[in-house]
Amino acid sequence: MDERRKVPRSHLIHYLRIFDKTTGELMGNLVDISAGGLMLISESPISEPLKDNTTLQLRMDFPEELDGRTFVEFEARSVWCRVDINPDLFAIGMQIVQPQPEDLRMIERLIEMYRD
């Protein structure tokens with residue numbers, strides 16, 4: 001697959017949990033992240049109503065308090081979904097949509113602290 005992202009993603013030493021902000025449903029675990037996007041691993045594929053280019057309201061929980069916060073919320077668009085190397089899991093690529101400056105700072109801080 002051609003590399004189309006402009007900002008390289010960072011792998012973190014923690015698999016942070018990503019939730020659907022609206023329903024509270026666990027979407028999956030973060031594998032890598034940048035200020036522009038992320039990849040998560042999930043036990044289920046993006047469901048029928050959430051095909052490619054669907055925008056979701058997400059919440060990412062931190063392993064510990066970070067600058068007074070324990071999570072960050074953001075909007076992301078699903079870009080692709082495919083079976084992972086482990087055929088029981090799915091890899092989902094997402095683009096962060098119109099991130100707020102405060103959320104970008106939190107993501108950058110998270111990368112600084114937990115990059116592997």
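What follows is calculated from the coordinates using simple rules that are stated; it is not laboratory data. Keep in mind it's a predicted model, so treat the numbers as computed, not measured. Cβ placement follows ideal geometry from the backbone for every residue including glycine, while neighbour counts extend to all protein chains displayed.
Database remark: amide H of GLY28 closer than 5 angstrom to the amide H of ILE18 (H placed geometrically; neighbours at sequence offset of 5 or more, or on other chains; Pro and chain starts carry no H). Determine which residues of region 79-116 fall in the zone a paramagnetic label at ALA35 would reach in this model, i.e. backbone nitrogen under 13 Å from the point 7 Å along Cα→Cβ. Only 98-112 fall inside the zone, counting backbone N under 13 Å.
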